[in-house]
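The values are calculated or read from the model by the stated rules, or taken from the named source; none is laboratory data. These figures come from a predicted structure and were not determined experimentally. Don't worry about glycine lacking a Cβ; one is built from the backbone with ideal geometry, like all the others, and counts go over all protein chains shown.
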């Protein structure tokens, strides 16, 4: 058995997820990206511990993420929206300063996978991830298709593994 397989076996089976939608135009009723996250998280056997929708505003985004991370049942925060290059896309600016350790490989892999779907437009995504303490935060585009890609290929398959590694030092 490889060390990756061993690490995955040691990872927790059920994580608590917080879902944050960042948008000036979405409402709870038409938030397809947030709904996609909640449905995929539940289908994978994890818990949705918190849900919020905030405008494209640095202070509102950062406050929502900090409040989600303050909840002991939250292991992973997944935000959708605000990761492009329009003047109102501020999620990365709001959240990246909170990262203790960025997970550079997430953005790289997401853009690689996205390239297969949308071609060179994939470079316009600033999708990112990082650890805040021993919790993971993923910043995804607002597109429901991009959200599904990130969750199916990266976030859900590797979150528990990432957290088990991040938490190893806590038990030493």
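Scanning the stretch 108-151 for residues that are outside any loop (DSSP other than H, G, I, E, B), free of Cβ contacts under 8 Å to residues at least 60 places away in the same chain and surrounded by 22 or more Cβ atoms within 10 Å (Cβ to Cβ) yields a total of 6. Residues that are in contact with a strand residue (DSSP E or B) (Cβ under 7 Å, 6 or more places away or on another chain) and farther than 15 Å from residue 74 by Cβ within the stretch 142-160 comprise 142, 146, 147, 150, listed in sequence order. The residues of the stretch 61-70 that are more than 13 Å from residue 133 (Cβ to Cβ) and surrounded by fewer than 16 Cβ atoms within 10 Å (Cβ to Cβ), listed by number, are 63, 67. Restricted to strands (runs of 3 or more DSSP E) entirely inside the stretch 1-103, no element has at least 3 residues that are at pLDDT below 95 and within 16 Å of the chain's Cα centre (by Cα).
Kindly establish whether residue 82 is on the phi > 0 side of the Ramachandran plot and touching a helix residue (DSSP H, G or I) at 6+ places or on another chain (Cβ under 7 Å). Give the steps one after another, and end with the answer.
Working: on the phi > 0 side of the Ramachandran plot: yes; touching a helix residue (DSSP H, G or I) at 6+ places or on another chain (Cβ under 7 Å): yes.
Considered against the rule, which asks whether it is on the phi > 0 side of the Ramachandran plot and touching a helix residue (DSSP H, G or I) at 6+ places or on another chain (Cβ under 7 Å), residue 82 comes out as yes.
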